[in-house]
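The values are calculated or read from the model by the stated rules, or taken from the named source; none is laboratory data. Since this is a predicted model, take the numbers as computed values, not measurements. Every residue, glycine as well, gets a Cβ built from its backbone with ideal geometry; the counts of neighbours run over all protein chains shown.
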Amino acid sequence: MAEFPHPLYFEARHLTDMELEKVKRHFQKRRESGGGDCGAIEKVGDNIYKVCFREQQDQKKVLQRKTHSINLPGGDVHLIVSRSSSPQTQDQPSTSQSQ
């Protein structure tokens with residue numbers, strides 16, 4: 001796993017092996033995702049998947065795009081990538097102060 005030391009996570013419905021391969025190809029194409037060389041996509045929790053990149057620069061470029069739309073046989077899927085495996089919805093207090 002040291003070959004691909006830069007992980008990113010995304011949440012998605014159950015993906016078949018064929019769909020996972022298509023998502024991996026998406027992350028390998030710089031033109032589509034900003035990514036590059038990456039390892040196999042692993043399911044790490046309920047609807048949480050992990051993809052690891054060889055180069056940190058590729059990981060950062062994928063993160064910059066935030067939402068990735070991929071056309072799969074079962075319909076389009078929209079993935080939001082993050083550095084954390086926890087769900088994207090976080091209840092944090094607002095930092096804006098209105099008076």
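When residues in segment 31-66 are screened for being of a type in the set (A, V, I, L, M), within 14 Å of Tyr9 (Cβ to Cβ) and over 9 Å from the mean Cα position of the chain (by Cα), 3 of them pass.
Within segment 21-30, can one find any residue that is more than 15 Å from Ser84 (Cα to Cα), at pLDDT 95 or above, touching a Gly at 6+ places or on another chain (Cβ under 9 Å) and hydrophobic (A, V, I, L, M, F, W, C)? Yes, there is a match, as at least one residue in segment 21-30 is more than 15 Å from Ser84 (Cα to Cα), at pLDDT 95 or above, touching a Gly at 6+ places or on another chain (Cβ under 9 Å) and hydrophobic (A, V, I, L, M, F, W, C). Scanning segment 1-20 for residues that are touching a Lys or Arg at 6+ places or on another chain (Cβ under 9 Å) and under 20 Å from Ile80 (Cβ atoms) returns His6, Pro7, Leu8, Tyr9, Phe10, His14, Leu15, Leu20.
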